[in-house]
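J.: I have a structure I would like to understand better, so I am pasting it below and will then ask my questions one at a time.
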Amino acid sequence: MTSPKSFLLTRHFQAGEIIFSEGDDGNFAYIVEEGQVEIWTVVNGDRRVLNVLEPGRLFGELSLVDWQPRSASATALTDCMLSVVTPEQVSQRLEVADPILQLLLLVVMENFRSETSIFRGTRASRPTSLHPTQTRPLIQQIADAVDLIRLEGELRDAITADQFCLAYQPIFHLHHRQLEGFEALIRWHSPKRGWVSPDKFINLAETSDLIVPIGEWVIKQGLADLKRLNEQFQTDLLMSFNIVSRQTESPTFLSWLLETVRHFDIDPQYVKLEIIERTLFNPDNSLPWIQQCRAEGFSLVLDDFGTGYSSLQYLNEYQIDRVKIDRSFVKGLADNLNSRSICLAILNLAHALGMSVVAEGIETPAQLAILRELGCEYGQGYLLGRPLPLEQALALSDRLAV
Ligand code: C2E
Ligand code: CA
Ligand code: CA
């Protein structure tokens, strides 16, 4: 059998030649380019033709997805030319596919296989997984994915049911030790699940359109609370919001944002938008968006810096105001020379390009001391302040100089 690495892009078969047989390991799928292919199986000892495929048709795809042996045989009816679809082409796409789509595919395939096995009078071999490396049993995968579908439904109701709130994590100037402002972090209290971490639901909201109303709720609430914080602290503080690509790609987001800051009478210079590199992938969208943001006076923070592609191209082309050193580098600062070198490199690079730097996830005095020594201007983390409900954030004014 041809190994996946040494496949030919096209393969030729002569009339009557077997392309694959039922029970073979599934290695490729094929597209009929020329000729005709017969798909057949054996029922009670009789050869039964299931289909005759003409040019343009795809076959053999199931086993690429669920890694089960071929459930039917394929023979060239005439001389054929076939294009080969490799497992890599399918698995890479599956890995990044929406988890709900993955589930539906799994269920459709399971139903298809059990129906064809009933037709043939054999027992269906159950697909074990969508990925060969996936070790969780199918039943658990389906349960997890069904729960995701439920979660999405509950998330849809959460805004109207008033189940979200915001936590504010203070951001400090590390040298003057002064409060610069806060990062708004969403919290969801679900009546069924209790507190659900944003790590669990933001990605899900992002794969649907839900992130747009959720994101709007966050900004409105965050700006309303910023007004109260400003009054309490008797100064203009800064509010940082996490923004995802669905929002930056929305043609109305920026005008909505402008209207909203005007409504709250807040100058855009006090609003920071935190984006991750993934959001910048599409330069046709993101470049004009960033330019417009900057022109309107909003500033941009590149979040989780160092964990993604960290393409210097972004820093070169996009007018980013600040980079946020990811907490994985801060974590290793006190005992790992590499983390220290990476933080220093990020700081040098950002400063050379006229950007400021904020470090996140500062948990120990040693980390803080090193960041100060390296010249990092801003910081946030449990050591300096945990994300707090508004009332507790307001109460900080008693003990923090601004
Ligand atoms: P992020 O933007 O990287 O936010 C920082 C996360 O680190 C927050 O987790 C924060 O609570 C946590 N954190 C802060 N200081 C420390 C520390 O010293 N040590 C450790 N270990 N963690 C610390 P959280 O609140 O669970 O949020 C997780 C992620 O969810 C955020 O990561 C952000 O990507 C996303 N998120 C939160 N709120 C929103 C939102 O309103 N909109 C969007 N689009 N995403 C949000
Ligand atoms: Ca952030
Ligand atoms: Ca971050």
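The values are calculated or read from the model by the stated rules, or taken from the named source; none is laboratory data. Keep in mind that this is a model prediction, so the values were computed, not measured. Every residue, glycine as well, gets a Cβ built from its backbone with ideal geometry; the counts of neighbours run over all protein chains shown.
J.: When the stretch 308-331 is examined, which residues are found to be closer than 18 Å to Gly381 by Cα and either more than 16 Å from ligand 1 (Cβ to nearest atom) or surrounded by fewer than 16 Cβ atoms within 10 Å (Cβ to Cβ) (or both)? Step through it out loud before you land on a result.
T.: Filtering the stretch 308-331 for residues closer than 18 Å to Gly381 by Cα gives 322-331.
Listed by number, the list holds a single entry, Ser328.
J.: May I pose another question? Of everything in the stretch 385-395, what is under 10 Å from Leu229 (Cα atoms) and crowded, with 17+ Cβ neighbours inside 10 Å? Give them in sequence order.
T.: The answer is Leu390, Ala393, Leu394.
J.: Of all residues in the stretch 354-386, which are more than 8 Å from ligand 1 (Cβ to nearest atom), hydrophobic (A, V, I, L, M, F, W, C) and closer than 18 Å to Gly332 by Cβ?
T.: Val357, Val358, Ala359, Ala366, Leu368, Ala369, Ile370, Leu371, Leu374, Cys376
J.: Let me ask something else about it. Do you know which residues across the stretch 211-220 are within 11 Å of ligand 1 (Cβ to nearest atom) and either within 15 Å of Glu249 (Cβ to Cβ) or surrounded by fewer than 17 Cβ atoms within 10 Å (Cβ to Cβ) (or both)? Spell out how you get there, then give the answer.
T.: Step one: filter the stretch 211-220 for residues within 11 Å of ligand 1 (Cβ to nearest atom), giving 211-212, 214-219.
Across the stretch 211-220, the qualifying residues are Ile211, Val212, Gly215, Glu216, Trp217.
J.: Helices (runs of 4 or more DSSP H) wholly in the stretch 309-384 with at least 1 residues that are modelled with pLDDT of 95 or more - which ones?
T.: Of the helices (runs of 4 or more DSSP H) lying wholly inside the stretch 309-384, those with at least 1 residues that are modelled with pLDDT of 95 or more span 327-331, 337-352, 365-374.
J.: Next question, about the same structure. Could you check how many residues of the stretch 173-214 are closer than 23 Å to Gln269 by Cα, of a type in the set (A, V, I, L, M) and away from ligand 2 (no atom under 16 Å from the Cβ)?
T.: So the answer is 3.
J.: From Ser286, Ser240, Ser245, which residue is at pLDDT 95 or above, surrounded by 18 or more Cβ atoms within 10 Å (Cβ to Cβ) and either away from ligand 2 (no atom under 16 Å from the Cβ) or not β-branched (Val, Ile, Thr) (or both)?
T.: On the way: Ser286 fails: at pLDDT 95 or above; Ser245 fails: at pLDDT 95 or above.
When all the criteria are applied, what remains is Ser240.
J.: Right, Phe264: in contact with a helix residue (DSSP H, G or I) (Cβ under 9 Å, 6 or more places away or on another chain), of a type in the set (Phe, Trp, Tyr) and closer than 23 Å to Leu226 by Cβ or not? Outline the logic, then answer.
T.: Working: in contact with a helix residue (DSSP H, G or I) (Cβ under 9 Å, 6 or more places away or on another chain): yes; of a type in the set (Phe, Trp, Tyr): yes; closer than 23 Å to Leu226 by Cβ: yes.
The answer is yes for Phe264.
J.: Report yes if Tyr382 is within 15 Å of ligand 3 (Cβ to nearest atom), surrounded by fewer than 19 Cβ atoms within 10 Å (Cβ to Cβ) and within 29 Å of the chain's Cα centre (by Cα), otherwise no.
T.: It is true that Tyr382 is within 15 Å of ligand 3 (Cβ to nearest atom), surrounded by fewer than 19 Cβ atoms within 10 Å (Cβ to Cβ) and within 29 Å of the chain's Cα centre (by Cα).
J.: Take Leu257 and tell me if it is within 27 Å of the chain's Cα centre (by Cα), surrounded by 13 or more Cβ atoms within 10 Å (Cβ to Cβ) and assigned to a helix (DSSP H, G or I).
T.: Numbers: within 27 Å of the chain's Cα centre (by Cα): yes; surrounded by 13 or more Cβ atoms within 10 Å (Cβ to Cβ): yes; assigned to a helix (DSSP H, G or I): yes.
So Leu257 fits the description; yes.
J.: Counting just the residues of the stretch 215-225 that are within 16 Å of ligand 2 (Cβ to nearest atom) and touching a strand residue (DSSP E or B) at 6+ places or on another chain (Cβ under 7 Å), which one comes out farthest from Phe264 (Cα to Cα)? Working first, answer last.
T.: Going residue by residue through the stretch 215-225, those that are within 16 Å of ligand 2 (Cβ to nearest atom) are 215, 218-219, 222.
Retained after the next criterion (residues that are touching a strand residue (DSSP E or B) at 6+ places or on another chain (Cβ under 7 Å)): 218-219, 222.
Working: Val218: 14, Ile219: 11, Gly222: 10 Å.
Per the criteria, the residue is Val218.
J.: Continuing with this model, one more query. Are there any pairs, at least 6 apart or on different chains, whose C-beta atoms fall under 7 Å, with the first in the stretch 303-327 and hydrophobic (A, V, I, L, M, F, W, C) and the second within 16 Å of ligand 3 (Cβ to nearest atom) and at pLDDT below 90, and if so, which?
T.: The qualifying pairs are Val323/Phe305; Ile325/Phe305; Ile325/Gly306.
J.: Right, something else. What number of residues within the stretch 270-283 satisfy the criterion of being assigned to a strand (DSSP E or B) and away from ligand 2 (no atom under 12 Å from the Cβ)?
T.: 1
J.: So Gln292 passes all but one of these: (1) in contact with a helix residue (DSSP H, G or I) (Cβ under 6 Å, 6 or more places away or on another chain); (2) of a type outside the set (Asp, Glu); (3) modelled with pLDDT under 95; (4) crowded, with 17+ Cβ neighbours inside 10 Å. Which condition number does it fail?
T.: The single condition Gln292 does not satisfy is (4).
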